[in-house]
Amino acid sequence: MPVRSMHVADSRGGGGAELVFNQTVEAAIALGHETLVYVSGERRGPVGYVFSARALLSMARALRRFEPDIVHVQNYYHYLSPSILLALRRYKARRPDLLVVFSAHDFHLVCPNSGFQTFGGGTRTNLDPARPSVRLLARYDQRSWLHSSLKLLQHIVSYRLLRLHEVFDVVVAPGPFLAGVLSAAFPDLPVAVVRNPVPAQAPAAGVASRESSDRQLVFAGRLDPVKGLEECVGVLDDVAWSTPDGGPLRLDVYGDGPLRARLETIAGRLQNVAVRFHGHASRRALLFELSSYAACIAPSTCFETGALSLLDAASAGLPVVAPRMGAFVDAAAHCEIAYLYEPSSPDELRECVSRAVSDPRRNRLVDPDDLSFDRYIERLAAIYSRLTVAHRAAARLAVTG
C-alpha cells in the first residue's frame with residue numbers, strides 16, 4: 001500500500017510559505033504518496049484565533065477518514081489555530097506510528113509575533129535570536145493591545161499550558177538561521193534543515209534590456225510593514241541618483257498587501273525615486289520579468305527565514321541587495337553577487353543599491369542543484385522514510401512490550 005500523507009495549512013494561496021506548501025504536496029505526489037490536502041476556510045473570530053473548537057473537530061474527522069501515515073503541517077495559526085495540534089495528539093495516542101512533520105516558515109513557535117518583533121513606544125524591535133523568550137508585558141502587535149493580547153494568549157495556551165508543539169516529531173527549517181533559533185528555544189525538539197526549492201532559470205529574452213534605465217531596481221514580495229519598503233524608499237530618496245538618462249532611480253514593485261495604499265501615497269511625494277506598482281504576479285510570470293532588471297532589493301526590517309525572493313532574483317541573473325541579518329546572510333552565501341548592508345546605515349544601503357544597479361555582471365546561484373526541486377524531494381524523502389521506520393519500530397515495541 002502507498003504511504004498516505006496529509007498536508008495541512010491555513011491556505012494554498014498567498015506568499016512564499018504557501019508556495020512551499022504546494023511544492024511539498026507536489027513532492028509527496030512525486031514520491032508516490034496518496035495525499036490529502038487539508039486547508040481552512042479562512043474564517044475565524046477572536047476566540048477561534050486563540051483556540052478553535054470547530055477546527056479541532058474538523059481535523060479529528062479528517063484524520064479518522066483518511067488515516068494518514070504522515071501528517072505534514074505548515075502555517076496553521078492564522079485560521080486553523082493551534083487547536084488542530086490537539087486533534088493530532090489525540091489521534092497519535094491510538095496511532096503511535098504516525099509521523100508528524102512541521103515546516104516552520106517564521107518564528108511562530110518561539111514568539112507570539114511571527115516576525116520575532118515587539119512594539120513599544122511606536123518602535124519596532126527585533127528580538128535576540130540567541131535568547132528567544134516571551135515577555136508577558138511586551139506588545140506583540142502594532143495594531144493594538146487587544147491584537148497583541150490575543151497573540152500572547154494563543155501562544156501561552158498552546159505552547160506553555162498544552163505544550164502542543166510536542167506532537168511534532170521533527171521541525172523542518174529552510175535554513176540554519178531559523179533552525180538555530182528553534183533549537184535555542186526548544187533544545188529537545190528535533191530540527192532539520194531542508195532548503196526551499198528555487199527553480200532553475202535559463203537566460204530569458206529580456207536579459208538584453210538590463211542595460212535600460214527604465215528597469216533598474218525591483219522589489220518582489222508582500223507589501224507589509226516588516227518588509228521595510230517604506231523606510232527603504234525614504235532613504236533612497238534622500239540623494240540624487242546618477243542614472244543613465246539623468247532621471248530618478250526607478251523601482252518597480254511586484255506584490256500586494258496592507259501597505260500598498262500608503263506606499264502609493266508616499267511614492268507620489270518622492271523626488272529622486274520613481275516607484276511603479278505592478279500588483280500581484282504569479283511566480284512564473286515574475287521570474288520571467290525579473291531577468292530584465294538591473295538588481296533586486298529585499299529591505300526587510302525583520303529577520304527573514306527563507307529569503308526566497310533573493311534566491312529567485314539571483315537565479316534570474318540579478319545582483320541582490322539585502323540587510324546583513326537573519327536568513328539573508330545565508331542566502332547571500334548561495335549567490336555569486338550579493339551586496340549586504342548594515343540595517344542601521346542609510347549610507348551603506350544607498351552605496352549597495354548604487355553598486356548593484358550599475359554592476360554589469362549576471363548573478364547566479366553558487367550551487368543550483370543544492371536548491372533544486374529534485375533535491376527538495378530527496379531531503380523530504382529522507383526525513384519521511386527515516387522517521388517512519390523509527391516510528392513503526394517504536395509502535396511495534398509498544399504493542400509487544
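Brief remarks on what is shown
- Within the range 62-73, no residue that is open to solvent by 20 Å² or more (accessible area, probe 1.4 Å) sits with its Cβ atom under 7 Å from a residue that is of a type in the set (F, W, Y) at 6+ positions apart or across chains.
- Failed criterion for R90 (all others in (1) among the basic types (K, R); (2) within 17 Å of S5 (Cα to Cα); (3) at pLDDT 95 or above hold): (2)
- Residue among V253, V233, V275 that is more than 16 Å from C352 (Cα to Cα) and touching a residue at least 40 places away in the same chain (Cβ under 8 Å): V275
Okay, residues lined up against (1) of a type outside the set (G, A, S); (2) crowded, with 17+ Cβ neighbours inside 10 Å; (3) within 22 Å of the chain's Cα centre (by Cα):
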| site | (1), (2), (3) |
| --- | --- |
| R139 | yes, yes, no |
| W145 | yes, no, no |
| S158 | no, yes, yes |
| D188 | yes, no, no |
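- Against the list (1) within 23 Å of the chain's Cα centre (by Cα); (2) surrounded by fewer than 19 Cβ atoms within 10 Å (Cβ to Cβ); (3) not in a loop (DSSP other than H, G, I, E, B), the condition I266 fails is (1).
- So F51, is it modelled with pLDDT under 95 and surrounded by 23 or more Cβ atoms within 10 Å (Cβ to Cβ): no
- Residues considered: R355, R362, R284. Of these, the only one that is open to solvent by 30 Å² or more (accessible area, probe 1.4 Å), in a loop (DSSP other than H, G, I, E, B) and under 30 Å from P176 (Cβ atoms) is R362.
- Across the range 113-122, the number of residues qualifying as assigned to a loop (DSSP other than H, G, I, E, B) and open to solvent by 10 Å² or more (accessible area, probe 1.4 Å) comes to 5.
- Count of the range 365-380 residues which are among the aliphatic types (A, V, I, L, M), in contact (Cβ under 8 Å) with a residue 60 or more places away in the chain and part of a loop (DSSP other than H, G, I, E, B): 0
- No other residue among L86, L98, L57 is over 23 Å from A17 (Cβ atoms) and open to solvent by 20 Å² or more (accessible area, probe 1.4 Å) apart from L57.
- Flag for S292 being touching a residue at least 60 places away in the same chain (Cβ under 8 Å), under 30 Å from V110 (Cβ atoms) and among the polar types (S, T, N, Q): no
- Filter result (outside any strand (DSSP E or B) and open to solvent by less than 30 Å² (accessible area, probe 1.4 Å)) within the range 170-185: P174, G175, L178, A179, V181, L182
The values are calculated or read from the model by the stated rules, or taken from the named source; none is laboratory data. Please read all numbers here as calculations on a predicted model, not as lab measurements. Cβ atoms come from the backbone with ideal geometry, glycine included; neighbour counts cover every protein chain shown. Note: accessible area is taken over every heavy atom of the protein model, side chains too, but ligands, DNA and RNA are not part of it. Shrake-Rupley method; radii C 1.70, N 1.55, O 1.52, S 1.80 Å.
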